[in-house]
1. For ASP108, only one of the following conditions fails: (1) outside any helix (DSSP H, G or I); (2) within 25 Å of ALA145 (Cα to Cα). What is its number?
2. Please enumerate the residues belonging to the range 100-126 that are under 15 Å from HIS270 (Cα atoms) and among the basic types (Lys, Arg).
3. Being at negative phi, at pLDDT 90 or above and touching a Pro at 6+ places or on another chain (Cβ under 9 Å) narrows it down to one residue among SER271, SER216, SER279; which is it?
4. Filter the range 243-265 for residues that are in contact with a Gly (Cβ under 6 Å, 6 or more places away or on another chain) and either modelled with pLDDT of 90 or more or open to solvent by less than 10 Å² (accessible area, probe 1.4 Å) (or both) and give the result.
5. Between residues in the range 198-211 that are open to solvent by less than 60 Å² (accessible area, probe 1.4 Å) and residues that are assigned to a helix (DSSP H, G or I), which pairs lie under 6 Å by C-beta distance while being six or more apart or on different chains?
6. Output yes when any residue across the range 124-134 is out of contact with any Lys or Arg (no Cβ under 6 Å at 6 or more places or on another chain), open to solvent by less than 40 Å² (accessible area, probe 1.4 Å) and closer than 26 Å to ASP171 by Cβ, and no when none is.
7. Taking the conditions exactly as written (aliphatic (A, V, I, L, M), within 18 Å of ALA102 (Cβ to Cβ) and not in a helix (DSSP H, G or I)), does LEU308 satisfy them or not?
8. Search the range 228-241 for residues being of a type in the set (A, V, I, L, M, F, W, C) and surrounded by fewer than 24 Cβ atoms within 10 Å (Cβ to Cβ), and hand back the single one that is nearest to GLU213 (Cα to Cα).
Amino acid sequence: GTSKSRNKRTLSSNQTTLKKTVMLWSGWQSDIAEGIADSGKVPWVFVFLMAVWYHTLANNVESWYAGIVNYFGPDYGPVMAGPVMAWTFHMIFYHSHSAIYAYLDSHDGPWKKYKLTTTDKMTWSQMLPNVVKNQCIFLVSGVAAFFASDGRGWDGSKPWSEVPWNVFFFDMLSMYIVYEAIFYTNHRILHITKLNVPFMEKPVNLYALFHKEHHSTYASVGVSGLYMGSIDCVLTQTLPQVVAPALFDFHPFTLWLFALIGSLNAVSTHSGYDLWGCSAPHGHELHHSRYKVNYGTGFLDNLLNTKLYEHEVVREGYGLGGRLVKDVEKAKAYKAKVAAQQSAKAS
């Protein structure tokens with residue numbers, strides 16, 4: 001009887017773990033889901049890495065958090081175990097991942113045929129100082145948000161093992177929705193080229209002032225995901241990540257988890273590589289080449305009619321950003337009509 005009871009508990013635990021793992025890889029950056037829908041490819045490498053990181057945290061988050069707090073003491077321990085540790089994880093994941101793409105870019109090999117675009121003129125090393133500067137803004141902003149919200153979103157005093165899966169699901173979903181809402185809104189605002197401001201003679205070009213630096217890259221170098229001006233960084237990168245924790249008071253597990261998910265997705269979608277098992281880069285490349293599409297990471301683009309899928313574009317023979325399929329078909333129909341009229345006149 002004891003053995004059967006233990007087996008039931010083990011089965012229940014495994015089912016809960018499976019639910020959490022599935023939600024993990026399908027619920028955050030819906031760029032991944034959009035890529036699956038558009039290309040039919042599942043990013044299995046990312047799914048595997050996310051599952052490994054989830055299980056690593058699930059087994060160690062309590063001891064790691066307690067160890068850091070005990071080492072730095074009650075005054076500095078919570079902030080070191082919260083935003084500083086999440087930032088450390090982000091740095092490790094972001095730069096290790098972007099270094100792999102930097103190696104692929106600088107060496108010839110069979111992977112070159114999977115490179116969607118090579119438009120960027122700057123290299124990984126040239127972009128790196130700007131990226132690190134922005135990551136320092138991440139760190140300062142995260143620490144400031146921690147103290148401003150009295151540590152909300154970073155309280156690891158409750159054991160992760162006691163957090164039920166439905167709470168974990170809510171944390172994941174609310175983090176994504178808040179992130180997407182702020183990121184999409186601020187990103188789209190920064191694409192405004194003519195903003196009429198009272199008492200100013202000429203319209204203000206927000207794009208030229210704050211966002212053009214990021215678009216000096218063309219999403220073909222992985223590290224360029226965070227290449228941008230400081231104000232751009234605060235509005236489109238920092239704010240989307242610090243608001244939700246303060247609002248909903250997440251367990252640190254959630255933010256440590258997103259350190260991997262966000263880093264992988266940002267680098268992959270800016271790499272220009274359409275590699276098996278990784279997020280497809282097409283959608284964000286279209287944003288960099290066409291500017292007025294694909295502002296967010298998924299549902300708001302669909303809801304607000306700014307989504308452009310790869311299958312809606314003809315790449316070959318049309319250069320950067322390709323040409324819309326509907327425009328190509330319209331041009332073909334027009335040429336056919338003209339040819340038919342000329343043939344009719346000739347006969």
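1. (2)
2. The answer is LYS115, LYS121.
3. SER271
4. Result: PRO245, PHE250, PRO252.
5. Every condition considered, the pairs that remain are HIS211/ASP232.
6. yes
7. No, not satisfied.
8. Narrowing the range 228-241 to residues of a type in the set (A, V, I, L, M, F, W, C): 228, 231, 233-235, 239.
Retained after the next criterion (residues that are surrounded by fewer than 24 Cβ atoms within 10 Å (Cβ to Cβ)): 231, 234-235, 239.
Values: ILE231: 11, VAL234: 14, LEU235: 14, LEU239: 19 Å.
Residue satisfying both the conditions and the ranking: ILE231.
The values are calculated or read from the model by the stated rules, or taken from the named source; none is laboratory data. Please read these numbers as outputs of a predicted model, since none were measured by experiment. Every residue, glycine as well, gets a Cβ built from its backbone with ideal geometry; the counts of neighbours run over all protein chains shown. We work out accessible area using only protein heavy atoms, side chains counted, and drop any ligands, DNA or RNA first. Shrake-Rupley method; radii C 1.70, N 1.55, O 1.52, S 1.80 Å.
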